[in-house]
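Input: a single structure, listed below in structure tokens.
Rule-based calculations on the coordinates, nothing more; no lab input. If you're wondering where the values come from, they're calculated on a predicted model, not measured in any experiment. Note: ideal-geometry Cβ built from the backbone for every residue, glycine included; neighbour counts use all protein chains shown.
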Amino acid sequence: MRLSIAQSTKLFGLILAGTLISPSSFGQAAKKSYKIHVPANKEWVDTNIDVRGGAKLKFTATGQVTYPAGDQSSYESKLHTAGTFGPDGLTRRFADLLHEYVVGNAGHGALIGRIGSADYVQAFAVGTSKEFDVPVAGRLFLGLNQSEKDAATATGSFEVTVDVLDEGIGEASAIGGPEETRIAGITPELLARIPRRVSDPAKNPGDMVNVLIVGTQDQVVQVFTTAGWVQVDKTVRSTAMNAVMESLEKKDYLTMPMSILYLFDRSQDYGFAHAEPVRVAMSRNHLRAWKSPYEVEGRPLWCVAATHDIGFERDQRNNGITHKIDPAIDGEREYVNGTLSGTGLVVQRDHVTPASPLTTAKTATGGEFHSDGRILVLVLKNTATK
């Protein structure tokens, strides 16, 4: 059927108006608005809002929350912060270093949000007003930056308006990051060149190499810091100095040093840690990263040994005290996967099994660990960095 000029003009107008093609087909969607009630006595509120990667949200919040003073009969009660506050929360005090809050740079009790699983994603401060660019698809949750004890006695609530300024153009199904796909440059020959384990200064074999990352140095640092990991200190002197400075600035101290291990006959290029405040001395997610002598599609390949400290044990080399790692080390591999993939900076990922997979062994200090032998491979977004 041939259309007249008038009919064609009308049809084109309907298309532009979104009558025949939805606005999301063009990336920029008609503005949607949601009203969310966030009570103070809940850890997280499921907003039932699913968002795409690349979406842009605007938050506007009102309301008040009160923390009661308590009877002040114990030392812990005296450390408790009492008061009434709005969505920006209470100003952090020195005593707040003894508590665990989800967002370290947000006020005590402030409105916060996250996109996706609480196990992996980096929560963010919302406060009274905020615009937020969604890195990957997921469900939006809102909550307060507080401890479980705070929630048990808190009263009041925040009323939050969530405006979807742009629906984004990412895949709605790509929750938590891209789907797994084969990565052409990760060949059996390349995997055969990469050592399965790192070693201590005496060349005792230790942790497993369980993650490979493709990207430049700047891109590697960017993805870890975006995901909330911090670089650890390299010397005891810097540890002491930073501990004082962080305490004076009322920040959570997460950069305790880790021991030196070796791969490719040199010590790690980077150490990164991800931990809950206060527990950092005995329990933290941590890893060491080495730039390998190999490249994948013109970019450096980094080798990572990631483990989860869960306490202390006897160092079988010298009878001293050392950190005990979770023997199920695949859990830490997937923690790295979840936290980094949630940044939107991972464009490809896969799990590969080398010809000689490592399934059980001991660390250099004597602790046992076990694995399914697979190695996680992450390819980072190729940004214009060196």
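Sorted ascending by nearby beta carbons within 10 Å, beginning with the fewest, Met208, Met258 become Met258, Met208. Across the stretch 195-202, coupling constants 3J(HN,Hα) worked out from phi with the 6.51/-1.76/1.60 Karplus curve, θ = phi - 60°, read x, 6, 9, 9, 9, 8, x, 8 Hz, and Gly and Pro carry x. In a fully extended conformation the segment linking Thr91 and Glu148 would gain 18.7 nm over its present Cα-Cα distance, using 0.36 nm per residue. With a cut-off of 17 Å on the backbone N, the residues of the stretch 344-366 near the modelled label site 7 Å out from Glu297 along Cα-Cβ are 344-352. Backbone amide hydrogens, once placed in the peptide plane, bring Val209 within less than 5 Å of Arg197, Val198, excluding anything fewer than 5 places away on its chain. Between Thr360 and Asp46, the distance separating the two model label sites (each 7 Å from Cα on the Cα→Cβ line) works out to 3.9 nm. Distance between the modelled labels on Ile169 and Asp119, one decimal in nanometres: 3.3 nm (7 Å Cα→Cβ projection). A crude spin-label estimate for the pair Ala82 and Lys203, with each label 7 Å from Cα along the Cβ direction, gives 6.6 nm. Extension gain for Thr226-Thr353 works out to 42.9 nm (0.36 nm per residue, less the C-alpha to C-alpha distance).
For Lys35 and Glu180, the FRET efficiency from 1/(1 + (r/R0)^6), where r spans their Cβ atoms and R0 equals 25 Å, is about 0.10. P(r) tail for the stretch 32-166, what percent of Cα pairs lie past 22 Å? Value for the stretch 32-166: 34 percent of Cα pairs lie more than 22 Å apart.
Peptide packing: for 136-142, 331-337, 225-231, the average count of neighbouring Cβ atoms within 10 Å per residue gives the ranking 136-142, 331-337, 225-231, highest mean first. Cβ-to-Cβ counts within 10 Å put Tyr34, Tyr67 in ascending order as Tyr34, Tyr67, the fewest first. Return the subset of Lys56/Lys291; Lys35/Lys149; Lys42/Lys362 for which the Cα-Cα distance in this structure is over 30 Å, preserving the input order. From Lys56/Lys291; Lys35/Lys149; Lys42/Lys362, over 30 Å: Lys56/Lys291; Lys42/Lys362.
Counting neighbouring beta carbons within 10 Å and listing from fewest to most, the residues His370, His274 come out as His370, His274.
Computed from the C-beta positions of Glu159 and Ala69, the FRET efficiency with R₀ = 22 Å rounds to 0.30.
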